[in-house]
1. Determine, yes or no, whether Ala47 is at pLDDT 90 or above and under 18 Å from Leu96 (Cα atoms).
2. Among the residues of the stretch 4-11, is there at least one that is touching a residue at least 12 places away in the same chain (Cβ under 8 Å) and not aliphatic (A, V, I, L, M)?
3. Within the stretch 37-53, track down each residue that is without any contact (Cβ under 8 Å) to a residue 12 or more places away in the chain and under 16 Å from Leu85 (Cβ atoms).
4. For the stretch 84-105, which positions are outside any loop (DSSP other than H, G, I, E, B) and surrounded by fewer than 15 Cβ atoms within 10 Å (Cβ to Cβ)?
5. When the residues of the stretch 1-56 are filtered to those that are under 26 Å from Trp77 (Cβ atoms), part of a helix (DSSP H, G or I) and hydroxyl-bearing (Ser, Thr, Tyr), which remaining residue is farthest from the chain's Cα centre (by Cα)?
Amino acid sequence: MSLTVLIIGCFLQLMFAGFQFMFVVSSASGATITHQIKGFKLALLNAFVFILPLSSLTVIILLIFFYSNNSSYLTNWWHAIPVILSFVYLAYVTVLTKGKPKDFTRT
């Protein structure tokens, strides 16, 4: 991997971390407003706010470390980890909100 590819990949990964944060905040708030989510499911949903952006930042740090040490583990496939985690989160929120939404009518 050349230095140019590393810099472009790390920049795009940093932009993706910002997207992941906004994506999790908006989808998690929508899920908790429209559905009754409690306990561990809510804690996991809240943890994804930090897990997804930190996965992108971890990949950036790993790639820079591997590049500086001329490691054989330096590859562009590292960029797939945060994307896969984003799809896992999307599947989790989809399954979590599959049920009946909260009743917003007054009794």
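The values are calculated or read from the model by the stated rules, or taken from the named source; none is laboratory data. The model shown is predicted, which means the values in this text are computed figures rather than measured ones. Using ideal geometry, Cβ is built from the backbone for each residue, glycine included, and neighbour counts are taken over all protein chains shown.
1. Values: at pLDDT 90 or above: yes; under 18 Å from Leu96 (Cα atoms): yes.
Judged against the criteria, Ala47 is a match.
2. Of the residues in the stretch 4-11, the ones touching a residue at least 12 places away in the same chain (Cβ under 8 Å) are 5-6, 9-10.
Now restrict to residues that are not aliphatic (A, V, I, L, M): 9-10.
The answer is yes, given that some residue of the stretch 4-11 is touching a residue at least 12 places away in the same chain (Cβ under 8 Å) and not aliphatic (A, V, I, L, M).
3. Here is the first cut: in the stretch 37-53, the residues without any contact (Cβ under 8 Å) to a residue 12 or more places away in the chain are 38-40, 42-43, 47, 50.
Ala47, Phe50, listed by residue number.
4. Looking only at the stretch 84-105, we keep the residues that are outside any loop (DSSP other than H, G, I, E, B), and these are 84-96.
Listed by number, the residues that qualify are Ile84, Phe87, Val88, Leu90, Ala91, Thr94, Val95.
5. In the first step, residues of the stretch 1-56 are kept if they are under 26 Å from Trp77 (Cβ atoms); the result is 1-24, 47-56.
With the extra rule that they be part of a helix (DSSP H, G or I), the set shrinks to 3-24, 47-56.
Then drop every residue that is not hydroxyl-bearing (Ser, Thr, Tyr), which leaves 4, 55-56.
Working: Thr4: 25, Ser55: 7, Ser56: 8 Å.
For the stretch 1-56, the residue satisfying everything is Thr4.
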